[in-house]
Structure formats: structure tokens, C-alpha cells
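**Student:** Input: one structure, supplied below.
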Amino acid sequence: MSVYNFISQDEIDDLDEDPRNAFMQFCSKVLQTLDGKSEKIDTNSEDEWRVLNELRFSCMNIILAAATRFDIVQFQALELPARHNFNDADWFNFRHEVDHYVTQIVLDNAPRNRSGSVAMLPRTKEQIRTYIAGLRRCIEEATMDEGKREALLKKLDALEKELEKRRVNMMTVALIAYAVWQVPNDVWGSYDVMNKLLSNVMHTVAEAKAEEDQIKQIAPMDAPKALTPPKKATPRDDWARPRATGSTETDWASAGDEDPAF
């Protein structure tokens, strides 16, 4: 099964430049897709369980391939099980190790995310939305081709969506502002108005961050902790499903209860 059954090329292109973060994002998207495909599968049906098992095997295969490409050393010792032998125990052991690794990256990133973002009061966000509305009018009145106009309006949509978050990512704001500032001066009905509105957005965000830093007295960021490797595979439990081939009705009946919830 192709990697594109789990993640699109656009989503791959949008992965973070940092290998650890890119691997985390890749795993998150791939596992979300797998969960979506698995929702309607009846694991009490042998035929449907085999479909689910194939999806899991493919998912494990592409995650291990991604770990190799991103040089995630914690997964280099893991091997893909033989296809005919792959079962629930193999999958759940692997899923636990991925969750174990990704959780560490998420927690490592939390201080960095806070340092590069800012919490804003509702009135501050409303003030920025007023500036965005003015910028939208400037873009709609500018003498530019429709493709460029639509692209800039979508960036303002993304900026308004960013304001809905509890913490606003300052890099997102800066990149959107840079995209607008790149437009040649002579296309604007009034460059001064556009420039003033965009400067107000940046100034308001910077003020909010300066105030937050002053209140919190943020300490210097600690160096990232070393990530622990996945645990070694454990022997298969008695709840593992029978093999995908050669199973009998008796084997199926004694295979155990439904998959545990994770």
C-alpha cells in the first residue's frame, strides 16, 4: 500500500524542516488517517480484520521508512515483521513505541512553542482583526492579477484563523506580513495605508509579547533532553489474532476478545 494512501504530497511538502518535528508530524498524519480508515471495520469479522491488519502493516512499513529517511536513531533497531506473521501484538507494541517517542517531542517543543507565540487579550485580537479588515480592502482595490489577489486574501484568512487560537504563533504572523510586503508598491491604491495597517499588526503583536515576557519573566530555555529509545519488543500476548493465512474456525474462536482500546 502506497504512502499516499496515508498522507498527501502537499502534506509531505508542509512538514517541518527539523527532522524530529517532521517525523512527529508525519506519524501524526499517517496514524490519524489509519484511525479514520479503521473506524468502520468490524474486528469480529475475520475478513475485515485481515483488511485492518493489512492497513496496520502498511502503516508500520511507511513509518519505519520515514524514520530511516529522517535519521531517527531510536527506531533504527526496529525491524518490520514478516508479513505472514504480523498480528495485533506486533501492531500494538509498535504503536506504543511511536506514541512514546512522539510524546517526548511534543513535550520538548512546548517551551519553544511558548517562546515563539503569545497569548492575547480579546480586545487585542479584535484590534488586529480591524487592521486585517483594512488590509483586505486594500488588496481588493489593488491593481494586481486575480491569482495573486486570491493568494493574499487566503493569507489574511489564515491570519484570522490564527487569532482563534489560545496562543498566536508570531512566525505565522511575520510570514504573512512578509508576503504582503513583497507586493510591488505601485499596485496599491494607497501604499501608505497598506503599510500602516500591516505595521500596526506587527506592532500590536510585538507589544503583546513584550508585555507577556515582562510579566512572566521567562527563564532561559533549557537544552533539549535526550530522547529515550523504544522498548524492546515483548513476547506476543495470548490475545493476538491468528495469522492471516491458515487459520481455522477453532483458532478464530479462541483468539481472544476484541482489540483493547487505545
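Coordinate-derived values only; no laboratory data. Only a predicted model underlies this, so the values are computations on that prediction, with no experimental measurement involved. Note that we place each Cβ from the backbone using ideal geometry, even for glycine, and neighbour counts take in every protein chain shown.
**Student:** Counting other beta carbons within 10 Å of each residue's own, what order do Ser38, Ser199 fall into, fewest first? Present the calculation step by step, with values, prior to reporting the outcome.
**Tutor:** Values: Ser38 16, Ser199 13.
Fewest to most other Cβ atoms nearby, the residues stand as Ser199, Ser38.
**Student:** With the convex hull built on the Cα atoms of region 118-216, state its orientation-averaged projected area in nm².
**Tutor:** 5.8
**Student:** I need the shape label for region 3-114. Rule: rounded when a/c is under 1.5, else prolate if a/b > b/c, else oblate, with a, b, c from the alpha carbon gyration tensor. Don't skip to the end; give the middle numbers.
**Tutor:** Numbers: a/c = 1.93, a/b = 1.66, b/c = 1.16.
Here region 3-114 falls in the prolate category.
**Student:** Using the Cα centre of region 92-168 as the reference point, and only Cβ charges (+1 on K/R, -1 on D/E), how large is the resulting charge dipole? Debye, rounded to the nearest 20. Before the final figure, lay out each step's value.
**Tutor:** On the way: 16 positive and 13 negative charges, 71 e Å.
Rounded to the nearest 20 debye, it is 340 debye.
**Student:** Report the Cα centroid-to-centroid distance between region 5-71 and region 138-173 in angstrom, as an integer.
**Tutor:** Each part's Cα centre sits 31 Å from the other's.
**Student:** Quick one: which residues, 5 or more positions from Ala119 or on another chain, have an amide H under 5 Å from its amide H? H modelled 1.01 Å from N in the peptide plane, none for Pro or chain starts.
**Tutor:** Those lying under 5 Å, H to H, from Ala119 are Val168.
**Student:** Using the Cα centre of region 139-198 as the reference point, and only Cβ charges (+1 on K/R, -1 on D/E), how large is the resulting charge dipole? Debye, rounded to the nearest 20.
**Tutor:** 440
**Student:** While we're looking at this one, here's another question. I need the shape label for region 95-165. Rule: rounded when a/c is under 1.5, else prolate if a/b > b/c, else oblate, with a, b, c from the alpha carbon gyration tensor.
**Tutor:** Here region 95-165 falls in the oblate category.
**Student:** In addition: Can you put Cys59, Cys138 in order of Cβ neighbours within 10 angstrom, beginning with the fewest? Let's see the in-between values first.
**Tutor:** Working: Cys59 26, Cys138 21.
Listed from fewest to most nearby Cβ atoms, that is Cys138, Cys59.
**Student:** Would you mind checking Lys125/Lys155; Lys154/Lys209; Lys37/Lys165; Lys161/Lys209; Lys29/Lys125 for any pair whose Cα atoms are more than 23 angstrom apart? Don't skip to the answer; put the middle values down first.
**Tutor:** Working: Lys125/Lys155 17 Å; Lys154/Lys209 25 Å; Lys37/Lys165 28 Å; Lys161/Lys209 19 Å; Lys29/Lys125 30 Å.
Among Lys125/Lys155; Lys154/Lys209; Lys37/Lys165; Lys161/Lys209; Lys29/Lys125, the Cα-Cα distance tops 23 Å for Lys154/Lys209; Lys37/Lys165; Lys29/Lys125.
**Student:** Further question: Would you list Met170, Met194 from fewest to most Cβ contacts within 10 Å?
**Tutor:** Met170, Met194
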